[in-house]
Amino acid sequence: MTEELNLDWANLPFGYVRTDYNVRCSYRDGKWGDVEVSTSETVNMHIAATALHYGQEIFEGLKAFRGKDGKIRVFRMRENAKRIRESALGLKMQPVPEDLFCEMVEKVVKLNARFVPPYGSGASLYIRPLEIGMSASVGVRTSTEYLFLILVSPVGPYFKGGFRPTNICIMREYDRVAPKGTGRWKVGGNYAASLGAGERAHELGYSAVLYLDPKEKKYLDECGPANFFAIKDGKYITPASDSILPSITNMSLQQIAKDMGMEVESRHITVDELAEVQEAAACGTAAVASPVGEIDDLDTGVKYVVAKDGKPGPVTTQLYNTLRAIQYGEMEDVHGWNTIIEE
Ligand code: PLP
Ligand code: COI
């Protein structure tokens, strides 16, 4: 299947596009089986599967980019392999071996190479691994059988309009996760729990909710499906919290900030401190680094205007450009973050 695709690469939304293949591997009888290549978009599962009843579902998100040199690069897949392992242990699921995870990522990207958007379109191939509990059980218990699969989809920017400031809000009546709950794992249930708040925020014209720590509602946690960082007096500051997902993009931006000579602080950030920051952004695989214009605290009525001129700040812009340049092979990958996929 090498024929040209008729996709409007530069205007892709962040959504699902059918591709040629997905890859699957099942855990049964105490071991992972062979990797299967599938063209089916459906999964056949037992009506009493633990994934359906008790939420044994975890996932990941990473991207592949078509570089300036025409090569395909996958960004930091080993980190996603490690993180899904943590999620599996958190939900008492069978962890996917890291090497199997990486082998399957490479395979699914290679098989769907024609869906990796062309260099210059600004789009990328989103890679979505997921693991589900497959055993039938009406009692609340962990599964003995699992399906791990990876699908891909070419995508454009997560926040409409791409790299330009959007407004976010704080609403204390919603929690995404519990203080010692599942927030540090990438569990489907966390996203189900965020739908109500997300919908409300969108109705009010905000692109995302800036969640506070669920215990004290005092410190910033994360920003919808992304981490949060701010630039304060030349420092990169980002919330340290047990109830947020450890973002690989955030980790990478912190390294880039250090490489730029900046100080990085991972610590509690109070809501009031937002009055003292010069820039802010949401960061993640889907969000990349999406600048924040204004943060409205809907409970106190205080509006923290961050992008005073309505434009992305200079530091956020430099961080974003550097990350993109590494991902698209325009800048040297000094930290060895990319895996090149041989076509
Ligand atoms: N926080 C949440 C809740 C997310 O869903 C994501 C997306 O994966 C992130 C943060 C960002 O993580 P990463 O940079 O690894 O994609
Ligand atoms: C990602 O950035 O990979 C995410 O998982 C966010 C997503 C839930 C849209």
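Read-outs: derived from the displayed coordinates by stated rules, not from any lab. All of these numbers come straight from a predicted model, not from anything done at the bench. Ideal geometry is used to build each Cβ from the backbone, glycine not excepted, and the neighbour counts take in all protein chains shown.
Can you grab the distance from the C-alpha centre of the range 1-60 to the C-alpha centre of the range 105-139, Å, no decimals? Comparing the Cα centres of the range 1-60 and the range 105-139, I get a distance of 7 Å.
Sorting T285, T39, T142 by the number of Cβ atoms found within 10 Å of their own Cβ, with the fewest placed first, yields T39, T142, T285.
With 15 Å as the cut-off, how large is the P(r) tail for the range 1-95, expressed as percent of Cα-Cα pairs? Here the tail beyond 15 Å accounts for 78 percent of pairs. Based on Cα contacts under 8 Å between residues 6+ apart, the chain shows a relative contact order of 20 percent. Pair-distance distribution of the range 198-289: all C-alpha pairs, bin width 10 Å, starting at 0; shares per bin in whole percent are 17, 50, 29, 4, 0.
Here E60, E330 are placed in order of increasing Cβ neighbour count within 10 Å, fewest first, which gives E330, E60. Here the range 14-61 is treated as an ellipsoid with the same Cα gyration tensor; its semi-axes, largest first and in whole Å, are 21, 17, 11. Computed over the alpha-carbon atoms, the range 65-136 gives an Rg to Rh ratio of 1.06, Rh here being the Kirkwood radius from the mean inverse distance. Derived scalar couplings between HN and Hα for the range 108-113 equal 5, 6, 4, 5, 10, 4 Hz in order, rounded to whole Hz, by the Karplus curve 6.51 cos²θ - 1.76 cosθ + 1.60 (θ = phi - 60°), x for Gly and Pro. In this structure, the pairs whose alpha-carbon distance is over 21 Å, taken from K186/K311; K232/K303; K92/K186, are K186/K311.
Between V302 and T270, the contour length at 0.36 nm per residue exceeds the Cα-Cα span by 10.1 nm. Relative contact order, whole percent, for the range 217-343 stands at 23, derived from Cα pairs under 8 Å and 6 or more residues apart. Scanning residues 5 or more positions from H268 or on other chains, those with amide H under 5 Å from its amide H are A240, with H placed 1.01 Å from N in the peptide plane. Among 48-59, 311-322, the peptide with the highest mean count of other Cβ atoms within 10 Å heads the list, and the full ranking is 48-59, 311-322.
Starting from the range 196-265, pick out the trypsin sites (Lys or Arg not before Pro) whose DSSP state is loop and whose Cβ has at most 15 other Cβ atoms within 10 Å. Those that pass, being in a loop and sparsely packed, are K215, K217, K218.
With both labels modelled 7 Å from their Cα along Cα-to-Cβ, the R164 to K110 distance reads 4.1 nm. Overall shape of the range 135-197 was characterised from the C-alpha gyration tensor. The equivalent ellipsoid obtained from it has semi-axes of 31, 21, 9 Å, in decreasing order. Neighbours of M171, meaning other residues whose beta-carbon lies under 12 angstrom from its beta-carbon, give a summed charge of -3 when Lys and Arg score +1 and Asp and Glu score -1. Taking a point 7 Å out from the Cα of L5 in the direction of its Cβ, the residues of the range 296-337 whose backbone N falls within less than 19 Å of it are 328-329.
As a calculated quantity, the FRET efficiency between S40 and K235 at R0 = 51 Å, using C-beta atoms, amounts to about 0.55. Relative to the globular-protein estimate of 2.2 N^0.38 Å, the Cα radius of gyration of the chain stands at 0.99.
For the chain, the share of DSSP beta bridges that are antiparallel, to the nearest 5, is 85%.
Treating r as the C-beta distance of Q255 and D69 and R0 as 25 Å, the FRET efficiency rounds to 0.60.
Under 5 Å between amide hydrogens, built in the peptide plane, is the criterion, and for M262 it picks out nothing among residues at least 5 positions away or on other chains.
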